[in-house]
Amino acid sequence: MYYEENDFLETSDSASLSQIANARELTRQYYLSDFRDTEKRTAILRDLFGAMGENVVIDTPFHCDHGKNIFLGNDIIINMNCTFVDNKPIRIGDRVLIASNVQIYTSSHPVLPQERLVPDWKERQTTFFRTYARPVEIENNVWIGGGCILLPGVTIGENSVIGAGSVVTRPVPPNCVAVGNPCRVIRYFDTYKDM
């Protein structure tokens, strides 16, 4: 894969570390909050995320890096033990189901060591590795099965279903069922226009 210099992120600067610390504190508060206190839990999530619609239910534990790069629509369920690595935006549409143990990664590292490792990292006062990031989008009416992994830059098309345990390495079109590692479309379906 070819990278431009502006594909890479600075992950150890003070602003990033401060935002990560804030997200860790808010997710800790959310985890420790009373499950029945929906008002308090919703307030914590609104502080954590970049935007959040109505009727959003997130089970605990929930993990994210920044929080402010996550944008949620309406009528969303995110089940327990999900991890969102949001160095770039994660956008989730309306009426989305995300099962337990789903991992969404917007960031990764180059495969080749000469691209991944920074030889003069101490002098530059940075990390010893390079990180790149690309946004992830989940469109309306999607169901992500348990244990799925979504990699940087993917879009899951409207109405589609991702089978449990799949590793999504490329965009998935609308109106289909996709499964496997790597995730591939196994069938398309028609949708009702009156949904």
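The values are calculated or read from the model by the stated rules, or taken from the named source; none is laboratory data. Source: prediction; values computed, not measured. No Cβ is skipped: glycine too gets one built from the backbone with ideal geometry, and neighbour counts run over all protein chains shown. Heads up: the accessible areas ignore ligands, DNA and RNA and are worked out on the full protein's heavy atoms, side chains in. Shrake-Rupley method; radii C 1.70, N 1.55, O 1.52, S 1.80 Å.
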- Working only within region 142-170, note down all residues that are polar (S, T, N, Q) and open to solvent by less than 30 Å² (accessible area, probe 1.4 Å). 159, 160, 166
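Please tell me if residue 130 is buried (at least 17 other Cβ atoms within 10 Å of the Cβ) and over 13 Å from the mean Cα position of the chain (by Cα). So that I can check it myself, show each step before the final result.
Details: buried (at least 17 other Cβ atoms within 10 Å of the Cβ): yes; over 13 Å from the mean Cα position of the chain (by Cα): yes.
Yes, satisfied.
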- Taking residue 59, is it surrounded by 13 or more Cβ atoms within 10 Å (Cβ to Cβ), more than 17 Å from residue 106 (Cβ to Cβ) and touching a residue at least 12 places away in the same chain (Cβ under 8 Å)? yes
- Message: Need the failing condition index for residue 121 against (1) under 26 Å from residue 56 (Cβ atoms); (2) at pLDDT below 95, just the number.
- Response: (1)
- Task: Check residue 137 against each of (1) in a loop (DSSP other than H, G, I, E, B); (2) among the acidic types (Asp, Glu); (3) in contact with a Pro (Cβ under 9 Å, 6 or more places away or on another chain) and name the one condition it does not meet.
- Result: (1)
- Query: So which pairs qualify, if the first residue must be in region 6-18 and over 13 Å from residue 132 (Cα atoms) and surrounded by 14 or more Cβ atoms within 10 Å (Cβ to Cβ), the second must be aliphatic (A, V, I, L, M) and at pLDDT 85 or above, the Cβ gap must be under 9 Å, and the two must be at least 6 apart or on different chains?
  - Reply: 16/9
- Task: Have a look at 65, 75, 94 and point out the one that is without any contact (Cβ under 8 Å) to a residue 40 or more places away in the chain and of a type in the set (Asp, Glu).
- Result: 75
- Of these, 191, 127, which one is over 29 Å from residue 66 (Cβ atoms) and of a type in the set (Ser, Thr, Tyr)? 191
